[in-house]
Structures are given as structure tokens and as C-alpha cells.
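This report concerns only the one structure given below.
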Amino acid sequence: MPIIDYKCPNCGSGMVFDSETGMLSCHSCGRNEDIQDSPDPLKVHVFSEGEATEYHCKSCGAVVMTESETTATTCSFCGSVVVLGDRLTGELAPLQVIPFAISKEEAVQAFRKWCRKGLLVPNEFMAADRIKGITGMYVPFWLYDIHNAIEVHAHGKRVRTYEQGDYRYTETRHYDVYRRIRLNYVNVPIDASEKMNDQLMDRLEPFPYDQLKSFNTAYLAGYVAEKYSYDYKELFPRAQDKISDYIDSYISSTVSQYTSVSFSEKNIHAKCRDAKYTLLPVWVVHYDYKNLEYTFAMNGQTGKVVGKPPISKLKVLAWFAGISGVSFLSLKLVTWMMGGGLG
Amino acid sequence: MKRNRVVLSVLIFFAVWLCFSIGMKTSVAEEAGLKPLIYDEAGLLNQDEIDELNELANQMGALRETDIIIWTSDNPENIDVELMTEDFYDEQAPGYDKPHGNAVILTLDMNNREVYLAGFYKAETYLDNDRLDEIRSQITPDLANGDYKLAFQTYIETASAYLEVLPEVKPDITYNSNNSYNNDYSPPVQSPTHAADQYVTSRPEVNREPDNLFLNTWFQLAVSLIIGVISVAVMAYRSGGRVTVNSRTYEEAHTSGILDSRDDYLHTTVTKQKIERNTNNSSGGGSSSGGGMTSGGHSHSSRGSF
């Protein structure tokens, strides 16, 4: 019995997660159920491995068609909430989740508002009336806790210049510099879904970690969820790569008293202390414009929108001409006001 | 739309500020009225003559954007006329466009009866040694005769005429087989005023670009276009959303830190470099004139006795 559905104990309709109250709610009778109080069916049922490869909707009996990564969806025949339980157990069980704080209607509104703010996007696009689909998706992330032991040897120079008589003296003091640093990073998010564009996901940050809840399958009701495509070991290099700039800037800040520093040795020993499998809320917007589909992502908590919109060449030209023209006129005006209007 | 206006006003403000900060120096020199350009400390001229020459020098100087200066001195301390001129330039800081700017100075040392001509900045380019020699040879007979006013007038007009045309435009004055001037812009001594006027109208504007780069139209256009390109590029880049996390976002501050650090002093190296004083910097104030160059860096001059 790998499929979990959420039926209202009152009326039997499907219940979904409500982003405003943070509870399971029934659209038919208005019943709300607290998620933290209700037992997670995943913890009650035990799935034997490889029990099912085909899923049947518990409401209508139709075969639920999903991709292999999908963990939560809706039945394409009757629209019931479907959570694929066996894809969320064992190693695949998420540890924590940040639920949606923005409802579908709010997401559409926020996306429209964002479109109107685009200075270079075409007018037709600004109208934002071609939203093809908007999907609330729980994207699998690994949140890494990384401890770094850093040892740095460097040659530092402090330069002082002063004038005496007709000469300018440049005095350079040379130092042998050594630093041993402990640098810990917590909850560095790396998107573990193959489908999602890494760059897009990086720009969605930051997610409010104070909203982290321990995972309960009920949060997925009404949304699409995915399981990770890569485990934490596979993605650890990407996490290291992400923090390497941060580490460099920290090291630089410890030798800021020098005019110039050249590093002769930089030993960074990174240790992955923890990697928490976390589902983060993302609204994915598919937008049709001139037969091309554009995909945007919105942070399900903060409402931040990312994604490349189409750029109107006409608007680029207009802005360029406008800004250049105004700059030129003001330069000329100032020249004229100074009385030097030659040329 | 509100944001657009903010961006625009910031850009305009920046452009205005840029121009003002650069323009301040030049506006100082552009006071209304006549500048004193005739320093007759030896008392060779009467007041009417001084006024007349001063007006002429101001008028011609304005056309050429150059201060045309005359300084006569009894030189009681018996200083070399070349040094006198350099000190004068350093101390008085003359210049049409700015202090220590475009200027040509005629110094008359009545103690040793020597005359010295030197150009600075624009005048240094336009009045090379040959041209200064030419001016000097034209006025020397009048100086020797004590006809100072005529000599000075010739100097002002001839210098002004030369300042109209770059030496590179046409080669230096050449003589034809009849041994007379064969150059349409070499200033005729007989009717200098007329000659100067003629050059104003007949010469193209090629060399009349203002000295201040920031007043140049092409430069301003280039700056405007660059501002436009940068603004639009930033707008396009930011249209897809920005990364808003920084190095502190995921750092666990209370467990991170420097565990050990050493800064061992090794040695000190000192290099020294001679300071090239440059009067371009009007706030310099320091005066150091040595060798054959003043702080203005001029090298063209002409000296002789009369």
C-alpha cells in the first residue's frame, strides 16, 4: 500500500496543505487539521521494498502516472492528492521541510507584479496573461554542515610612501604571515534535483531557516514533490565549490592589514559534518511567449522570482538612447553654465 | 516607473557633479573684465600706453586662450633673465585656462638690456624656438630705439597670430629665391593688426578644440554612450534575479574564528624616486625651478640683447 491520500474525516473529500494556516484543510467542509499533531502515516505503515512499481489512486482506482523522481502529485483522473509513500521512506525520507507560505493565488499575483517591474521586457510579456501553468513544488535539497580547517602561509607587504625634499620614498615592510582558521558553515543548500536548473535554484536563496519543520508527509498534500536524484556524497564537491569564495573572502579579511599578500600555501581541509535531506518550497511558473516557453521559479516563502525573461530589443534601445541622451544633455548644459560652451 | 525616475535622477546628478568638480578650476580663470597682463616695473610706458597694450593683450589672448604677458624690470638683484622669467611664472601662476596655464611671457631685463621670450602649455606648442626667435628679431630694433610701445604691440600681435596655427600645419618659415618671406601666415610687420584679424577668419577651426578634455563634445558624447551601455547592461543582467546571499549567510560565527596567527617581520626595502613637479596640479603650491625647465615644463624660449 504505497499510496497515501488525505481524506477529510468529516466529509471524505481530499484535504490539502493550506499555506496560510499551515494546516491540512478541507475545501468542502472547511475542516482544519494540525499537521504536527496528526501521526505521519509513513511512520505507521511499513513498506516492504520493491512492493509496488505501479500506483493506483485510492479514490478512483486509476493508474497514477508519475516520473520516477516524483514523490507527491495529484491523480490526473480525479484530482485527488497522491503521495507515493515508498519514495519517501528509508534513505529517501526527508528530514525536514519548509512549507509553502505563499498560496497559488498569491504566487500568480506576485509573478504578475514582478513582470510589470521588468524594465526591459516586452509590453506583451508585462501583461503576464500567458501563464501556462503554475506548480507548487517541493524541491529536494541537501543542507550541508561543513567544517573547514584552514592553514595559510603567505608573504605580506606593507607599503608606506612619504616625501622628503625632492624625492618620494616607498618603504615596503615584508612579513611572513601564518593563519590557522576554523570556519564552519551550516545549512548550505544544494539542490539535489536533476530537473531543476542549479543557477536558478542558487538565486532563489535565501530560504528562511526559522521556518524549518520536521518532515511530515501531510505538508506535501496538494503539491508536487520530488525525491533527490543525487545523494549528498555526489553533491559535496558542489557544496565545497559554493563555499570556496566565502572561504577566500574570510581568509582575505584576516590579512587586511597588509597592502598586498601573496599566498604560498593554502590548505583547506573540508569535512562534511552533516547533510540534511530537506524539501524546500518553490513555485514553478511556465510562461508562453511567442511560442517559446519560459520557466521561472519563485521562492515559496519569500516570493523572490528568478528566471530569464525575454528582453525587448526596442526597449533596450530606448533605454540606452534615453540614458545616453540625458547624460549628454546634462554634460552640455553644465559646460554651457560654466560659460565654456565651445566646441 | 518610480524606480526609473530615481535611476535617471541619480545619473543626471552624477553627470552634473562630475562636470562641476572638473569645471571649478577653469571657471576661476574666466572672470569678467580685463586681467592685468602688462607688468611695467621698469616704468618704460605711461599709463595710457599700459592701458592700451593691456586691452590689446586681453583681446588677443581671449582669441587664442592664452595670457600674453609683458614684464619689464630694472632687475636690481641682477638675476639671469631666464631665471627671472621662470620665477615669474612659478610665483604669479599666470594662465588663461587655469593658474600655471597657457601663457607667453616677454621679459625685459633693463639692467642687462636683455629680452627673453617663453611660452607655456599651448603657447609652448605653438610658439617653438624658431617662432620665438622670429618675434624677437622683429621687436629688437624697436627695443633698441627705445620704441617700447611699438615693440610690445608687435609682440602681442605677432604672438597672437602664431598662436592661431600649429607649427606642424605648415613647415617653419621658409625663404624663396628672392630671400623674402614666402609664407602666407608669417605675420607682416607693417600691418600686424590687420594680419591677425585675417588669420582669425581664414584659418579652419581644426586647432581650436578647447584644452580641457572634459569640455570636448566628442569626449562628452563618448562618456554619455558609456553611461548608457553600462546602465542597460546592468538592467539586462539584473532582469533574471540576483544572488542575494553572501559569505556571512551560512557562516556559523560563534564556532568560526582564527585559532592561531603569526606575523613575523622579515625586512624592509626602500626605493626612492625623484618627484616630477607638475604645475598641472594647481594646488601644488611648491616651487622648484631648476635646470632649463620651469615647473611648467617649458623648453621653448628665445633670448637676446638689444
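Computed from the coordinates by the stated procedures, all read-outs in this text should not be read as laboratory data. Not measured: the values here are computed from a predicted model. Every residue, glycine among them, receives a Cβ derived from its backbone with ideal geometry; neighbour counts consider all protein chains shown.
Name the residue, out of A:Y167, A:Y144, A:Y258, whose mean-square fluctuation peaks in a Gaussian network model built on chain A with Cα pairs under 10 Å.
The residue with the greatest mean-square fluctuation here is A:Y167.
Note down the net charge around B:G241, summing +1 for each Lys or Arg and -1 for each Asp or Glu among other residues with Cβ under 12 Å from its Cβ.
Working: positive: A:K117, A:R203, A:K304, A:K308, B:R238, B:R242; negative: A:D202, A:E205.
That works out to +4.
If you take the square roots of the eigenvalues of the alpha-carbon gyration tensor of region B:70-151 and sort them as a ≥ b ≥ c, do you get rounded (a/c under 1.5), prolate (a/b over b/c) or oblate?
Verdict is oblate for region B:70-151.
Taking R0 as 45 Å, what's the FRET efficiency between A:T21 and A:R273 from their Cβ-Cβ distance, rounded to 0.05?
FRET efficiency, A:T21 to A:R273: 0.80.
Which residue, A:Y250, A:Y230, A:Y289, has the most motion in a Gaussian network model of chain A that connects Cα atoms within less than 10 Å?
Evaluated over chain A, the most mobile residue of the options is A:Y250.
Using a Gaussian network model on chain A with a 10 Å cutoff between Cα atoms, which of A:F215, A:F100, A:F328 fluctuates the most?
A:F328
Averaged over its residues, how many other protein chain Cβ atoms are within 10 Å of peptide A:200-206's Cβ atoms?
Counting other chains' Cβ atoms within 10 Å and averaging over A:200-206 gives 4.
When the helices in chain A are scored as -39500 (n - 2.57) per DSSP H run of 4 or longer and the sum is shared across all residues, what 222 nm value do you end up with, to the nearest 500 deg cm²/dmol?
Details: 6 runs with 77 residues, N = 343.
Result for chain A, helices only: -7000 deg cm²/dmol.
Would you work out which of A:I268, A:P309, A:L279 lies farthest towards the positive end of the dipole of region A:236-343, given +1 charges on the beta-carbon of Lys and Arg and -1 on that of Asp and Glu, about the Cα centre?
Most positive-ward Cα: A:P309.
Where nothing but the Cβ of Lys and Arg (+1) and of Asp and Glu (-1) is charged, how large is the charge dipole of chain A around its Cα centre, in debye to the nearest 20? Mind showing how you got there, number by number?
Details: 37 positive and 40 negative charges, 302 e Å.
Value, rounded to 20: 1460 debye.
Rounded to the nearest 0.05, what FRET efficiency is calculated for B:Q273 and B:I230 with R0 set to 56 Å and r the Cβ-Cβ distance?
0.95
Need one number: nm distance between label points at B:N46 and A:A149, each 7 Å from Cα along Cα→Cβ, rounded to one decimal.
Computed distance between label sites B:N46 and A:A149 equals 10.1 nm.
Return the distance in nm (one decimal) between the two label points of a simple spin-label model at A:K157 and A:Y230, each offset 7 Å from Cα along Cα→Cβ.
Rounded to a tenth, the inter-label distance reads 4.0 nm.
Just grab the label-to-label distance for A:A318 and A:R238, each label 7 Å out from Cα along the Cβ direction, in nm (one decimal).
Inter-label distance under the simple model: 3.9 nm.
So what is the relative contact order of region A:82-188, in percent, for Cα pairs below 8 Å that sit 6 or more residues apart?
Dividing the mean separation by the residue count of region A:82-188 yields 22 percent.
Using Cα atoms only, what is the angle between the long axis of helix A:232-254 and the major principal axis of chain A, expressed in degrees (0 to 90) to the nearest 10?
Rounded to the nearest ten degrees, it is 30.
Counting partner chain Cβ atoms within 10 Å of every residue's Cβ in A:181-191, what's the average?
Mean partner-chain Cβ count within 10 Å for A:181-191: 4.
Output the pairs from A:K132/A:K304; A:K213/A:K233; A:K113/A:K227; B:K35/B:K149; A:K117/A:K315 with a Cα-Cα distance over 21 Å in this structure; if there are none, say none. Don't skip to the answer; put the middle values down first.
Details: A:K132/A:K304 19 Å; A:K213/A:K233 24 Å; A:K113/A:K227 31 Å; B:K35/B:K149 19 Å; A:K117/A:K315 13 Å.
Beyond 21 Å between Cα atoms: A:K213/A:K233; A:K113/A:K227.
Once the other residues with Cβ under 9 Å from the Cβ of A:K195 are scored (Lys, Arg +1; Asp, Glu -1), what is the net sum?
-4
How high is the FRET efficiency between A:I131 and A:R182 when r is their beta carbon distance and R₀ equals 41 Å, given to the nearest 0.05?
0.30
Cα convex hull of chain A: mean projected area in nm², to one decimal?
The directionally averaged projection comes out at 28.4 nm².
Taking the dipole about the Cα centre of chain A, with the C-beta of Lys and Arg at +1 and of Asp and Glu at -1, give me whichever of A:I3, A:N123, A:F320 is farthest to the positive side.
In chain A, that residue is A:F320.
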